[in-house]
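Notes to accompany the following structure.
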Amino acid sequence: MASVWAKSFANLPALSVFCLLLLCLPPGGGQKKKENLLSEKVDQMMEWSSRRSVVRMNGDKFRRFVKAPPRNYSVIVMFTALQPQRQCSVCRQANEEYQVLANSWRYSSAFSNKLFFTVVDYDEGADVFQQLNMNSAPTFMHFPAKGKPKRADTFDLQRIGFASEQLAKWIADRTDVQIRVFRPPNYSGTIALALLVSLVGGLLYLRRNNLEFIYNKTGWAMAALCVVFAMTSGQMWNHIRGPPYAHKNPQNGQVSYIHGSSQAQFVAESHIILLLNAAITMGMVLLNEAATSKGDVGKRRIICLVGLGLVVFFFSFLLSIFRSKYHGYPYSFLIK
């Protein structure tokens, strides 16, 4: 018993020194280090943002400033492939809209350190693409201030398009940050309209003594058909949503001109539909001409066959595209 007490008293100096060290250590040392690290990251991001609206990142920067904690700010990342050898025209178009949105945020009165815009190019951060199992570009993702990205943190580019206004709306839903998009003035439309008015005015002036062509029914019918073809092919939808011209698969290089969903389309797809509608209309005109004209019977028969062929073939093609977009549609004609 005495030996036990002796050992206890012998350990008292060591215990006293240990307790004294605990009392002398500053409270919350780990928390303070975490706050210092967060402050350094925010200051660095603000410095980069002051130089460029969109911060370019490689793999190391992405893992440190976007993925790794601590972080009290949201980050919008555009994963893209802008190098010329990639031949990604959609990436360039999306990048232009992304720059407009980032500049609108940077120069707005609401600008703060709560939201940053960044970009990761495939040729500068291929390891990031592999880490996220990403096989297409461009792709927009939101990395929240807390937690991991969810499904809704990936922007649905194929369905919505990549217009700055649509991106701003998506960001507001994810971060509660409202961004008013300011676009640089574009006078190309005004100049084109002025040139058109000048051309038409000059033509009318030159033909001021003979304006019978204004009453030409065929001319007005052709103009009306052009407007109808443009509207029915989805040109107004393209103007509102700003979809890509086509989609190129970065893995195999295959280009898709027809969107696989009934909720979206490519610009090239609207051009294809316009040409198909025009071909079908031409076939109907030829059929009407063959039935109403009083020319040679053999010539009328040839016109009838040509018109019928145009209607049958191109309507089959149009129906095939419709069937590929509206999955489950059971009908087809000639072309499946």
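Of the conditions (1) on the phi < 0 side of the Ramachandran plot; (2) within 19 Å of the chain's Cα centre (by Cα); (3) not polar (S, T, N, Q), Gly234 clears all except one; give me its number.
Condition (1) is where Gly234 drops out.
Which of (1) outside the structural domain of Ala94 (by the TED database); (2) touching a Phe, Trp or Tyr at 6+ places or on another chain (Cβ under 9 Å) is the odd one out, the single condition Ile171 does not satisfy?
Condition not satisfied by Ile171: (1).
Restricting attention to the stretch 135-151, which residues are open to solvent by 30 Å² or more (accessible area, probe 1.4 Å) and either at pLDDT 90 or above or more than 28 Å from Gly234 (Cα to Cα) (or both)? Reasoning before the result, please.
Pass one, the stretch 135-151, residues open to solvent by 30 Å² or more (accessible area, probe 1.4 Å): 135-136, 145-151.
If the condition is that a residue be open to solvent by 30 Å² or more (accessible area, probe 1.4 Å) and either at pLDDT 90 or above or more than 28 Å from Gly234 (Cα to Cα) (or both), then Asn135, Ala145, Lys146, Gly147, Lys148, Pro149, Lys150, Arg151 are the ones that fit.
Just name the residue that is most open to solvent (accessible area, probe 1.4 Å) out of those in the stretch 314-336 that are touching a residue at least 24 places away in the same chain (Cβ under 8 Å) and touching a strand residue (DSSP E or B) at 6+ places or on another chain (Cβ under 8 Å).
Taking the candidates together, the pick is Phe315.
Taking the condition of being touching a residue at least 60 places away in the same chain (Cβ under 8 Å) and not in a helix (DSSP H, G or I), how many residues in the stretch 80-113 meet it? Outline the logic, then answer.
Applying the first criterion (touching a residue at least 60 places away in the same chain (Cβ under 8 Å)) to the stretch 80-113 yields 81, 86-90, 93-94, 97-98, 100-101, 103-105, 107-108, 110, 113.
After this cut, where a residue has to be not in a helix (DSSP H, G or I) as well, the list is 81, 87-88, 107-108, 110, 113.
Qualifying residue count, the stretch 80-113: 7.
How many of the residues in the stretch 66-81 are open to solvent by 20 Å² or more (accessible area, probe 1.4 Å) and closer than 12 Å to Lys146 by Cβ?
Residues in the stretch 66-81 being open to solvent by 20 Å² or more (accessible area, probe 1.4 Å) and closer than 12 Å to Lys146 by Cβ: 3 in total.
Consider Leu305 against the criteria (1) more than 30 Å from Ala168 (Cβ to Cβ); (2) part of a loop (DSSP other than H, G, I, E, B); (3) open to solvent by 50 Å² or more (accessible area, probe 1.4 Å): it satisfies all of them except one. Which criterion is unmet?
With respect to (1) more than 30 Å from Ala168 (Cβ to Cβ); (2) part of a loop (DSSP other than H, G, I, E, B); (3) open to solvent by 50 Å² or more (accessible area, probe 1.4 Å), Leu305 is out only on (2).
Residues of the stretch 33-79 being assigned to a helix (DSSP H, G or I) and under 23 Å from Thr154 (Cα atoms), which ones?
Those that are assigned to a helix (DSSP H, G or I) and under 23 Å from Thr154 (Cα atoms): Met45, Ser49, Gly59, Asp60, Lys61, Phe62, Arg63, Arg64, Phe65, Val66, Lys67.
Please work out if Ala152 is among the aliphatic types (A, V, I, L, M), in contact with a Lys or Arg (Cβ under 8 Å, 6 or more places away or on another chain) and either under 20 Å from Cys91 (Cβ atoms) or outside any loop (DSSP other than H, G, I, E, B) (or both).
yes
To keep it simple, each residue is scored yes or no on (1) assigned to a helix (DSSP H, G or I); (2) closer than 21 Å to Ser316 by Cβ.
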{"site": "Ile240", "(1), (2)": "yes, no"}
{"site": "Gly253", "(1), (2)": "no, no"}
{"site": "Gly260", "(1), (2)": "no, yes"}
{"site": "Gln265", "(1), (2)": "no, yes"}
{"site": "Glu269", "(1), (2)": "yes, yes"}
{"site": "Ile272", "(1), (2)": "yes, yes"}
{"site": "Leu275", "(1), (2)": "yes, yes"}
{"site": "Ala279", "(1), (2)": "yes, yes"}
{"site": "Val285", "(1), (2)": "yes, yes"}
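Say we look at the stretch 165-203 and pick out the residues that are of a type in the set (S, T, N, Q) and surrounded by 10 or more Cβ atoms within 10 Å (Cβ to Cβ); which of these is farthest from the chain's Cα centre (by Cα)? I'd like the intermediate steps shown before the answer.
Of the stretch 165-203, the ones of a type in the set (S, T, N, Q) are 166, 175, 178, 186, 188, 190, 198.
Adding the requirement that they be surrounded by 10 or more Cβ atoms within 10 Å (Cβ to Cβ) leaves 166, 175, 178, 190, 198.
Numbers: Gln166: 9, Thr175: 19, Gln178: 19, Thr190: 26, Ser198: 36 Å.
Checked the stretch 165-203; the qualifying residue farthest from the chain's Cα centre (by Cα) is Ser198.
Given the conditions (1) assigned to a helix (DSSP H, G or I); (2) in the same structural domain as Glu97 (by the TED database), and given that Val228 satisfies all but one, which numbered condition is not satisfied?
Checking Val228 against (1) assigned to a helix (DSSP H, G or I); (2) in the same structural domain as Glu97 (by the TED database), the one that fails is (2).
The values are calculated or read from the model by the stated rules, or taken from the named source; none is laboratory data. These numbers come from a predicted model, not from an experiment. In this analysis, Cβ positions are derived from the backbone assuming ideal geometry, glycine residues included, and neighbour counts consider all displayed protein chains. Just the protein is used for accessible areas: all its heavy atoms, side chains included, with ligands, DNA and RNA removed. Shrake-Rupley method; radii C 1.70, N 1.55, O 1.52, S 1.80 Å.
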